[in-house]
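Scroll down for the structure; my scribbles are underneath it.
The values are calculated or read from the model by the stated rules, or taken from the named source; none is laboratory data. Quantities reported herein were computed from a predicted structural model and do not represent experimental measurements. The accessibility values were calculated without ligands, DNA or RNA, using every heavy atom of the protein model including side chains. Shrake-Rupley method; radii C 1.70, N 1.55, O 1.52, S 1.80 Å.
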Amino acid sequence: MRAILITLSIILGISYTHAQTMKKLIHTQDFENRLAKEAQTMQSIESDFTQVKYLDILDEKVTSKGKFYYQKSGKIRMEYAQPVNYLIVINDSRLKIVSDGKKSVMSLTANKMMNQMQDMLTACMIGDLSKMSSDYKLEYFENDSYYIVKIKPVNKAIQAYISEIEIYLDKKDMSVYKLRLSETATNYTEYEFYNKRFNALKDETKFSIR
């Protein structure tokens, strides 16, 4: 269980910026309506990503780069190319991991919390907050360029692995620009997504799990 949760936590994450002052979004209905509308039209996403992971026990940042793919609904592929090759694929209720040429496949349906983690992952990666359950508390902020959604788990089992998530949504197209996963007060994983293409992905074999 712990290994699966850590794997899912690895693929969440992104950069924290103070370049612009955030203000709390009091009236959220327009934001939620626009986000829901954009999510309905989003069939696929392709992008490059950069991951920065910090562990205080090592007191260093580890940077990785790769490709991110999403296809509606519930299909995610992350190809890590630097500094090592590593592959994660989620297709519906199944998870595949390929590391050092060794493949493992597991089901996400056997445990309620794993289903919640999968929904949270989808919500964070594509900004579809309808996937979030009552096990999470959401707060909304904005600056000139982004909407920022702060997510805190209220489920104690999930709190053991995640203390807070911050999603940065680009106001131009409501896509996820940055995502930051805080595992503790000092340990975090950050991703930045760039060179994004929408609704152009046709190759479903990228999400094949065998």
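Among all the aspartates and glutamates, which ones have a C-alpha under 14 Å from K67's C-alpha, if same-chain residues fewer than 8 places away are not counted?
Within the straight-line limit of under 14 Å, K67 reaches these aspartates and glutamates: E46, D48, E79, E192.
Using only the Cα atoms of the stretch 25-75, what are the Rg and Dmax in Å?
For the stretch 25-75, the Cα-based Rg and Dmax read 16.9, 43 Å.
Would you tell me the accessible area of D59, worked out with a 1.4 angstrom probe on the heavy atoms of the protein chains, in Å² to the nearest 10?
So the heavy atoms of D59 present about 110 Å² to solvent.
Heavy atoms of the protein only, probe of 1.4 Å, neighbouring chains included. What is the accessible area of S163 in Å², nearest 10?
Estimated to the nearest 10 Å², S163 gives 50 Å².
Scaled to the compact-protein estimate 2.2 N^0.38 Å, what is the alpha-carbon radius of gyration of the stretch 134-210, rounded to two decimal places?
Working: Rg = 15.4 Å, N = 77, 2.2 N^0.38 = 11.5 Å.
Rg over 2.2 N^0.38 Å, computed on Cα atoms: 1.34.
Rounded to the nearest 10 Å², what accessible area does D100 have for a 1.4 Å probe in the complete protein model?
It works out to around 140 Å².
Here are some pairs, K61/K171; K61/K202; K156/K206; K24/K202; K103/K172; K37/K102; which of them have Cα atoms lying more than 32 Å apart in this structure?
Over 32 Å Cα-Cα: K61/K202; K156/K206; K24/K202; K103/K172; K37/K102.
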